[in-house]
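Visitor: My questions all concern the structure below.
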Amino acid sequence: MGAADHKGKTEPHYHGHRDRLRDRFEAGGPEALQDYELLELVLFQAIPRRDVKPLAKDLLGQLGSLWAVATAAPARLVELGVPRNAAVALSAIGAVALRMSRQQLLGRPVIGSWQQLLDYCQGAMALEPVEQFRLLYLDRRNRLIADEVQQRGTVDHAPVYPREVVKRALELGASALILVHNHPSGDPTPSRADIDMTREVAKAAGILGVTVHDHVIVGRGSHASFRALGLL
């Protein structure tokens, strides 16, 4: 039972829980809270009159991680019982986190920020339900000047057109490229089609003086680098 106020009314039991959770976060930072508790803090703001702990735990159980919750489409969150305003708020947090990560990379040499680049690509693409083909354009000093999604495809294919890849590189004045795409299956192992496509792009780019540094395939929690595998 909650504590009675001066009018004899009883506060819902979760009011004290919310205050305690906020106090723990302020005192100990995010490391003081479990994932579902961090999710609760966000849900508090959008759902003021409800115990959101069961919802937070259910979302993590259904989707698997904080990142999966924050990057899920609002419609999917609504399907899982999240009110529309809270679903939009959660998705906005994911979008902000991803955009901040990209802004940290733009203008920086990717060689010195390789793990950060991989983390960004994992966040942006690993949970995509269909294949997405992303191009990272670099200047002469290997600084990232643009990050663009060229194609979205099906669960196992995204069409790639070498001519369009090279054309865009020339438009941006890029000297080098990194190709990135995801495998929705979660297994980043390159397919024969992936290998052939990469060689076609590298050949077309090389003719015009644009270098393909790498092709990274993103899986769920893992990746494959063509350069590291000796495929490029």
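Visitor: Given (1) acidic (Asp, Glu); (2) at pLDDT 90 or above; (3) surrounded by 13 or more Cβ atoms within 10 Å (Cβ to Cβ), identify the lone condition not met by residue 79.
Guide: Unmet for residue 79, out of (1) acidic (Asp, Glu); (2) at pLDDT 90 or above; (3) surrounded by 13 or more Cβ atoms within 10 Å (Cβ to Cβ): (3).
Visitor: Another question, if that's okay. Restricting attention to the range 24-83, which residues are more than 25 Å from residue 124 (Cα to Cα) and among the aromatic types (Phe, Trp, Tyr)?
Guide: Listed by number, the residues that qualify are 25, 44.
Visitor: Which ones in the range 128-150 are at pLDDT 90 or above and assigned to a loop (DSSP other than H, G, I, E, B)?
Guide: 139, 140, 141, 142
Visitor: Can you tell me which residue within the range 72-96, out of those that are part of a helix (DSSP H, G or I) and of a type in the set (Val, Ile, Thr), is farthest from residue 46 (Cα to Cα)? First the steps, then the outcome.
Guide: Of all residues in the range 72-96, those part of a helix (DSSP H, G or I) come to 74-79, 84-96.
So of that shortlist, the ones also of a type in the set (Val, Ile, Thr) come out as 78, 88, 93, 96.
Values: 78: 13, 88: 9, 93: 13, 96: 17 Å.
So, considering only residues that are part of a helix (DSSP H, G or I) and of a type in the set (Val, Ile, Thr), the one farthest from residue 46 (Cα to Cα) is 96.
Visitor: Looking at the range 108-119, which of its residues are surrounded by fewer than 20 Cβ atoms within 10 Å (Cβ to Cβ) and part of a helix (DSSP H, G or I)?
Guide: Listed by number, the residues that qualify are 111, 112, 113, 114, 115, 116, 118, 119.
Visitor: If you go through the range 204-232 one residue at a time, how many are within 15 Å of residue 169 (Cα to Cα), in contact (Cβ under 8 Å) with a residue 40 or more places away in the chain and either hydroxyl-bearing (Ser, Thr, Tyr) or touching a strand residue (DSSP E or B) at 6+ places or on another chain (Cβ under 9 Å) (or both)?
Guide: 3
Visitor: Right, next: Taking the residues in the range 193-222 that are surrounded by fewer than 21 Cβ atoms within 10 Å (Cβ to Cβ) and of a type in the set (Ser, Thr, Tyr) as candidates, determine which candidate is modelled with the lowest pLDDT.
Guide: 222
Visitor: Suppose the filter is outside the structural domain of residue 73 (by TED's automatic domain parsing) and in a loop (DSSP other than H, G, I, E, B); does residue 189 pass it?
Guide: So residue 189 fits the description; yes.
Visitor: Ok, one more. Please go through the range 22-73 and pick out each residue that is of a type in the set (Ser, Thr, Tyr), without any contact (Cβ under 8 Å) to a residue 40 or more places away in the chain and buried (at least 17 other Cβ atoms within 10 Å of the Cβ). So that I can check it myself, show each step before the final result.
Guide: Restricting attention to the range 22-73, the residues satisfying the condition of being of a type in the set (Ser, Thr, Tyr) are 36, 65, 71.
Those still in the list that are without any contact (Cβ under 8 Å) to a residue 40 or more places away in the chain too: 36, 65.
Once the filter is applied, which keeps residues that are of a type in the set (Ser, Thr, Tyr), without any contact (Cβ under 8 Å) to a residue 40 or more places away in the chain and buried (at least 17 other Cβ atoms within 10 Å of the Cβ), the range 22-73 yields only 36.
Visitor: Could you pull out the residue among 175, 225, 185 that is surrounded by fewer than 15 Cβ atoms within 10 Å (Cβ to Cβ) and of a type outside the set (Phe, Trp, Tyr)?
Guide: On the way: 175 fails: surrounded by fewer than 15 Cβ atoms within 10 Å (Cβ to Cβ); 225 fails: surrounded by fewer than 15 Cβ atoms within 10 Å (Cβ to Cβ).
Criteria check complete, one pass: 185.
The values are calculated or read from the model by the stated rules, or taken from the named source; none is laboratory data. Note that the structure is a prediction, hence the values are computed from the model and not measured. All Cβ positions, glycine included, derive from the backbone under ideal geometry; neighbour counts span all protein chains shown.
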